[in-house]
1. Can you find even one residue in the range 317-329 that is in a loop (DSSP other than H, G, I, E, B) and of a type in the set (S, T, N, Q)?
2. Find the residue count for the range 335-355, including only residues that are under 16 Å from D191 (Cα atoms) and under 19 Å from the mean Cα position of the chain (by Cα).
3. For the list (1) closer than 17 Å to L309 by Cα; (2) crowded, with 17+ Cβ neighbours inside 10 Å; (3) small (G, A, S), I need the number of the one condition that G168 fails.
4. Which one is surrounded by the fewest Cβ atoms within 10 Å (Cβ to Cβ), of the residues in the range 429-467 that are polar (S, T, N, Q) and out of contact with any Leu (no Cβ under 7 Å at 6 or more places or on another chain)?
5. What residue, among those in the range 388-403 that are outside any loop (DSSP other than H, G, I, E, B) and among the small types (G, A, S), is nearest to the chain's Cα centre (by Cα)?
6. Out of all the residues in the range 400-418, which are farther than 22 Å from A124 by Cβ and either buried (at least 18 other Cβ atoms within 10 Å of the Cβ) or without any contact (Cβ under 8 Å) to a residue 12 or more places away in the chain (or both)?
Amino acid sequence: MDLVIEAGGTGEKTVAVYRALRAAIVDGRLPAGHRLPPTRALAADLRVSRGSVATAYERLVAEGYLSARVGSGTYVAAVSAKTPSRKAAADPLRPRKGSAIAPAPTSGDEPAPRYDFRTGIPDARLFPFDAWRRLVAAEMRVGANNPGTYAAPAGHPALRAAIARYLGYARSLRVAADDVVVTNGTQHALDLVGKVLLRPGDVVAVEEPGYPPARRLFEALGCRVVGVPVDEEGLVVAALPAGCRLVYATPSHQFPLGRPMGLGRRRELLDWARRRPVAIVEDDYDSEFRFSARPLEPLFSLDEAGRVLYAGTFSKSMIPALRTGFLVVPTGLRDAVAAARQLSDGYGSPPLQAALARFIDDGLLARHTRRMGKEYARRHAAISTALSEISVLSVLPSAAGLHLTALLRTGRTPAVVQAAARKGVAIEDLTGYATSQAGFVFGFGAVDPELIDEGMAIFADLLARHA
């Protein structure tokens, strides 16, 4: 317990201890139910006599601030004096102009709705926690991963090598372990890219509609973010702004429309970038789960000019709580990106990274994604069928990922989304993704499969009444 007392004689010390304890209780530093240390221990900490502390305790018990329980200890009473009103302290510090000053809501802020069609949430109920626990326990021991030292900022060597191998067989990418930087998810990867490549005022192109957190991040870095339209083939290359320094795209499964970028459009984008001092960040966020058709080659595989940085995450294939992703960088950026990671948060968790390397190399990740892919395919089919039966909707084709998008032919979406929320049906308004197109986005990673038909029926009824 950290109390500050200043007094001379024994009597003054007793009063000082009493006043310090009473002040800590009144202003909430010692909450109701908190167990105070034994008198001998507190006396030693404060360098006063045990009698001074015992007398202070007795007085506070008599006044109702503390309660003494025989054989248990001394506790802050459940009912204590109210916090005195006082003038708010001066608060002169403010964020720099143009920075993001408030966090956006997250899926974990509130209890999950009954019919949970929110995007970007995998089904954590089906994650192999027992196997994962055993791997982590094996790495959390003395002698494993040099726990008394600071690790390399680019990530645990075993995990970097495992990711390189994984990308080789899962994405057909030719990647060396040295090309991989382990991150705390895709958002962290984008932040590192921004710190290494961008200056305030630089132009960054993002898809529109697109992924809002990426836009917010680049804006927070002081960049001028320009939305670029997306058509049936993907990002419209002809609409890219002049002087662009970075392009952020989701070519495997455009977010949120769901279409893949066509091979011709991919080559067009790479040819455009080859002739300019520009970088492309390819965010391959959930293409582990494919339901039809073969995946097209990633931009990274087609790139012969070294313009593409490839970002991925384990938040969808495993669970978001692991906070682990990766960034594959060209040779010339390896040291700079690793240094940026070291300067921002040092490095990640070596035990967790070593456990993830084992999870990948032992085949557990591949087994888990196969299992989840089959489950998500069933949910994808159920929602697709339900949406196709609603005449005012046009369902966009999507062969991968954890969400579906449907455009609304007539009417407006906000009233439907709000009415659905009141019925426990969580869906997302497409206009929330920086577009004027009216429509809805349905995630199917978190929804209980037994409730899909019921939830979609409620949505269809509300759409008929409110759209």
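1. So far as the range 317-329 goes, yes, one or more of its residues are in a loop (DSSP other than H, G, I, E, B) and of a type in the set (S, T, N, Q).
2. Of all residues in the range 335-355, those under 16 Å from D191 (Cα atoms) come to 335-348.
Now drop any that are not under 19 Å from the mean Cα position of the chain (by Cα), which leaves 341, 344-348.
Adding up the residues that qualify gives 6.
3. (2)
4. If we filter the range 429-467 for residues that are polar (S, T, N, Q), which is where we start, we get 431, 435-437.
Still in the list and also out of contact with any Leu (no Cβ under 7 Å at 6 or more places or on another chain): 431, 435-436.
Details: T431: 17, T435: 18, S436: 8.
By that ranking, first place goes to S436.
5. Initially, the range 388-403 is screened for residues outside any loop (DSSP other than H, G, I, E, B), giving 388, 393-395, 400, 403.
Filter once more, so that each one left must be among the small types (G, A, S): 388, 394, 400.
Working: S388: 32, S394: 30, A400: 21 Å.
Looking at residues that are outside any loop (DSSP other than H, G, I, E, B) and among the small types (G, A, S), I get A400.
6. So in the range 400-418, the residues farther than 22 Å from A124 by Cβ come out as 405-418.
Correct list: T405, A406, L408, T413, V416, V417, Q418.
Per-residue answers, yes or no, for (1) within 30 Å of A131 (Cα to Cα); (2) open to solvent by less than 30 Å² (accessible area, probe 1.4 Å):
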position: Y310; (1), (2): yes, yes
position: S315; (1), (2): yes, yes
position: G332; (1), (2): no, no
position: Y347; (1), (2): yes, no
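Residues checked against (1) in contact with a strand residue (DSSP E or B) (Cβ under 7 Å, 6 or more places away or on another chain); (2) open to solvent by less than 50 Å² (accessible area, probe 1.4 Å); (3) closer than 30 Å to E450 by Cβ; (4) free of Cβ contacts under 8 Å to residues at least 40 places away in the same chain:
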residue	(1), (2), (3), (4)
A102	no, no, no, yes
G108	no, no, yes, yes
D130	no, no, yes, yes
E139	no, yes, no, no
A158	no, yes, no, no
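The values are calculated or read from the model by the stated rules, or taken from the named source; none is laboratory data. Keep in mind it's a predicted model, so treat the numbers as computed, not measured. Here Cβ is always computed from backbone atoms with ideal geometry, including for glycine, and neighbour counts include all displayed protein chains. SASA here: full protein model, heavy atoms, side chains in, ligands and nucleic acids out. Shrake-Rupley method; radii C 1.70, N 1.55, O 1.52, S 1.80 Å.
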